[in-house]
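In what follows, a structure is listed as structure tokens, so that the remarks can point back to it.
The values are calculated or read from the model by the stated rules, or taken from the named source; none is laboratory data. These figures come from a predicted structure and were not determined experimentally. Positions of Cβ are backbone-derived with ideal geometry, glycine not excepted, and every protein chain shown enters the neighbour counts.
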């Protein structure tokens, strides 16, 4: 299968409770789950229909000792993992897992200069959603970087992957910069709020009904910390945390009028839309 240089191609959840996390996401997002373990690694494939979307595995003990917590990680396709890893180090980033051949292809786990983690991949083996299927139910529809400084972050990723600036929403004090890969807008960057955790990539999963999905998050032991919020496009989003503490987000439509949900948030919403509380 061809690689897609500069595009997100795979997603992986590393968690402290594989069984609990699998049950949670199968219920919340509607994914299928299939065992894809090897003699050396217990691994679960998560799929939307017939297309694999990502994987699920135990957070490695060594990572836990270093303070790592459950998290989602996006894999970006590159033409040469080894060369890209070296470039990341030259640009001020870090390489946590050097280029290695694995069950999903040749990969490397890295961090940008502001410590947001991601991974590189070439020769991805599982059948997964195509880059053009960002809107597919159960797919990953948006990639959002909460950075220490989005301008510097964009310079890094632009040089590394060739990402281009797309539209931007500029507020009184904040900017949300969307970016494109291969001519397709796939995400946005913003400077994180002071109370946000360390810089990280937030993945948005597509669902049919945002209210129903939000209820499933709560019923499954997760937490919603923003939303659901309505975007000017009519799409609704919710930022969430799973029972093990991994952050993720949902986006979808609203098929009924929710009760008790705030449609306002004093900050920047996903997809470059500024949403501010109205003044009294």
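Some points to look at:
- Residue that is nearest to residue 73 (Cα to Cα), among those in segment 106-115 that are in contact (Cβ under 8 Å) with a residue 60 or more places away in the chain and surrounded by 14 or more Cβ atoms within 10 Å (Cβ to Cβ): 112
- Residue match in segment 12-31 (condition: loosely packed, with under 15 Cβ neighbours inside 10 Å and modelled with pLDDT under 90): no
- Sole exception among (1) more than 15 Å from the chain's Cα centre (by Cα); (2) within 27 Å of residue 218 (Cα to Cα); (3) in a strand (DSSP E or B) for residue 14, by number: (1)
- Per the listing 20, 67, the residue uniquely under 22 Å from residue 216 (Cβ atoms) and either touching a residue at least 60 places away in the same chain (Cβ under 8 Å) or not assigned by TED's automatic domain parsing to the domain that holds residue 238 (or both) is 20.
- Filtering segment 36-54 to residues that are touching a residue at least 40 places away in the same chain (Cβ under 8 Å) and within 14 Å of residue 16 (Cα to Cα) leaves only 43.
- Residue tally, condition on the phi < 0 side of the Ramachandran plot and either within 21 Å of the chain's Cα centre (by Cα) or touching a residue at least 40 places away in the same chain (Cβ under 8 Å) (or both), over segment 92-101: 5
- Residue 109 meets the conditions (1) under 20 Å from the mean Cα position of the chain (by Cα); (2) farther than 22 Å from residue 25 by Cβ; (3) in the same structural domain as residue 20 (by TED's automatic domain parsing) in every case but one. The failed one is (2).
- Within segment 159-186, tally of residues that are on the phi > 0 side of the Ramachandran plot and part of a strand (DSSP E or B): 0
Residues checked against (1) within 19 Å of the chain's Cα centre (by Cα); (2) under 18 Å from residue 146 (Cα atoms); (3) not assigned by TED's automatic domain parsing to the domain that holds residue 111:
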| residue | (1), (2), (3) |
| --- | --- |
| 180 | yes, yes, yes |
| 183 | no, no, yes |
| 209 | no, no, yes |
| 233 | no, no, yes |
| 236 | yes, no, yes |
